[in-house]
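Before any comments, here is the structure.
Read-outs throughout are calculated quantities, based only on the coordinates presented, and are distinct from any laboratory measurement. What you see is a predicted model, and the numbers here were worked out from it, not measured in a lab.
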Amino acid sequence: MKNEKKYNKELLDLEVVIGSISMAMFFGVVLVASFAEMPDFVRVILLIIAMAFLFAIAFALLKMEQIVGYYQCAKCHHKYVPTYKAIFLAMHMGRTRHLTCPKCHKKSWQKKVAG
Ligand SMILES: [Zn+2]
């Protein structure tokens with residue numbers, strides 16, 4: 001139990017690192033595509049690749065966020081793993097998401113917990 005919590009915490013930290021690096025790379029490519037001297041079609045291709053890359057990373061990180069650790073209901077403190085769809089559609093502020101608890105069926109802002 002303690003090991004799982006530590007492992008989950010590391011994975012969640014890794015998610016922030018991957019997310020930050022990806023954003024930096026994305027903006028780097030966008031800057032180059034915007035200001036560097038190049039034919040227009042190369043500019044367009046670069047931007048498409050950068051966006052595809054960002055979407056792929058976003059989906060992967062969201063998947064990671066879904067399966068690593070648990071969300072904890074603010075009302076009844078039940079811990080659970082939500083579906084990818086629920087995570088995808090939920091409003092969020094950082095890692096806190098507005099989800100419906102499967103136990104008490106109340107909607108609340110639920111915190112991500114490592115274990
Ligand atoms: Zn609940």
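According to the calculation over all Cα-Cα pairs in region 69-115, the P(r) per 10 Å bin from zero is 33, 62, 5 %. Output the 0 to 90 degree angle, nearest 10, between the alpha-carbon long axis of helix 40-67 and the longest principal axis computed from the alpha carbons of the chain. The two axes meet at around 10 degrees. Taking the inverse of the mean reciprocal distance over all distinct Cα pairs, the Kirkwood hydrodynamic radius of region 1-68 comes to 13.6 Å. When the inverse distances between all different Cα atoms of the chain are averaged and flipped, the Kirkwood radius reads 16.0 angstrom.
Relative contact order for region 1-68: what is it in percent, counting Cα pairs under 8 Å that are at least 6 residues apart?
It comes to 45 percent, rounded to a whole number.
The C-alpha atoms of the chain define a longest principal axis, and helix 2-35 lies at about 20 degrees to it. Over the chain, dividing the summed -39,500 (n - 2.57) contributions of all DSSP H runs of at least 4 residues by the number of residues returns a 222 nm mean residue ellipticity of -20500 deg cm²/dmol. Separation of region 63-114 from region 34-48 is 40 Å, based on Cα centroids.
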